[in-house]
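The values are calculated or read from the model by the stated rules, or taken from the named source; none is laboratory data. Not measured: the values here are computed from a predicted model. In this analysis, Cβ positions are derived from the backbone assuming ideal geometry, glycine residues included, and neighbour counts consider all displayed protein chains.
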Amino acid sequence: MVFQLFPSIARSMPSLKGKLKRAGLQYRPEDFIKRTFLTATYLTVGVVFAFGLILQSFGSLNLIFFLSIPVAFGVFFFYFLKYPDVRISKKEKEVAREIVFAGRHLIIELESGVPLYNALVNLSRNYESVGKYFRAVTDKVDLGTSIEDALTDAVELSPSNDLRRLLWQILNSMQTGSEISKSLGLVMEQIAREQTIQVNEYGRKLNPLAMFYMIIAVILPSLGITLLIILSSFMNFHLSLSILLVIAAILGFLQFMFLSIIRFSRPAVEF
């Protein structure tokens, strides 16, 4: 029964196989789910054990502790199940920083009369993130695979929609016999416009985020601590060091959350 559990979960997630390939993870879906299950189990045992020791020291080990075990396992399991999506997102951002420059470089070389294979080799040598996908194409061609089949495989394994569009346009132009540089120029103009729109949207998001950051993480804490100190002197309330440390930890967490939101909202574009 246990041995059939992981293949059953894998069959219920048909998109997982493609995600693992695009993320560069060399696992079968059932093996990845098994590793995720074991990792979640180990973490759940460790966290619940530590949590149980803390509750037992206070003499409050009750039903909530036992209910937290499946909850903790579910959180860890679904968290690590998203690891391929995180890897794909990271690779996509790395590609987005170079895709416009690499595409324009490819167009210039093709318009200069450089053969497509040589142009792809030059891209693989000059661009760190995008180059490894073109290097995979040229390596397969060197081993005897046709360039059309190598490009088809690269389209399937590409973690970036923009890179997939670029590769698909090259493949489509080769199959139809049209000029590659002209069709690539249209694709690169569209990608550049989309990146410009992302930058403008980021600028519009940044203003309200900065305002909320100033209010919640700067103004309210400074005024709130001052008022709390004043009120404690009038109300005979003892403001201990532990309370101040807890407040400082909460403020630090809030600032970290705001900075994380701003950082992850930033588009992966060189501007």
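Things worth noting here:
- Being of a type in the set (Gly, Ala, Ser) and within 25 Å of GLU94 (Cα to Cα) holds for only one residue in SER158, SER146, SER222, SER173, and it is SER158.
- Flag for SER240 being small (Gly, Ala, Ser), outside the structural domain of ILE107 (by TED's automatic domain parsing) and over 30 Å from LYS90 (Cβ atoms): yes
- Selection status of LEU259, under 24 Å from the mean Cα position of the chain (by Cα), part of a helix (DSSP H, G or I) and either within 30 Å of ALA192 (Cβ to Cβ) or not small (Gly, Ala, Ser) (or both): yes
Residues checked against (1) in the same structural domain as TYR117 (by TED's automatic domain parsing); (2) touching a residue at least 24 places away in the same chain (Cβ under 8 Å):
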position: MET174; (1), (2): yes, yes
position: ILE180; (1), (2): yes, yes
position: ASN200; (1), (2): no, no
position: LYS205; (1), (2): no, yes
position: SER222; (1), (2): no, no
position: PHE234; (1), (2): no, no
position: LEU244; (1), (2): no, no
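- Residues of region 154-166 classified as within 18 Å of ALA23 (Cβ to Cβ), without any contact (Cβ under 8 Å) to a residue 40 or more places away in the chain and out of contact with any Lys or Arg (no Cβ under 6 Å at 6 or more places or on another chain), total: 2
- The conditions of being more than 30 Å from ALA150 (Cα to Cα), surrounded by 14 or more Cβ atoms within 10 Å (Cβ to Cβ) and under 26 Å from the mean Cα position of the chain (by Cα) are not met by LEU228.
- Index of the failed condition, THR36 passing every other in (1) loosely packed, with under 15 Cβ neighbours inside 10 Å; (2) at pLDDT 85 or above; (3) of a type in the set (Ser, Thr, Tyr): (1)
- Only listed residue being of a type in the set (A, V, I, L, M, F, W, C), surrounded by fewer than 19 Cβ atoms within 10 Å (Cβ to Cβ) and outside the structural domain of ALA23 (by TED's automatic domain parsing), chosen from ALA150, ALA136, ALA119, ALA154: ALA136
- In region 41-66, residue surrounded by the most Cβ atoms within 10 Å (Cβ to Cβ) [restricted to those that are at pLDDT 65 or above and of a type in the set (Gly, Ala, Ser)]: GLY52
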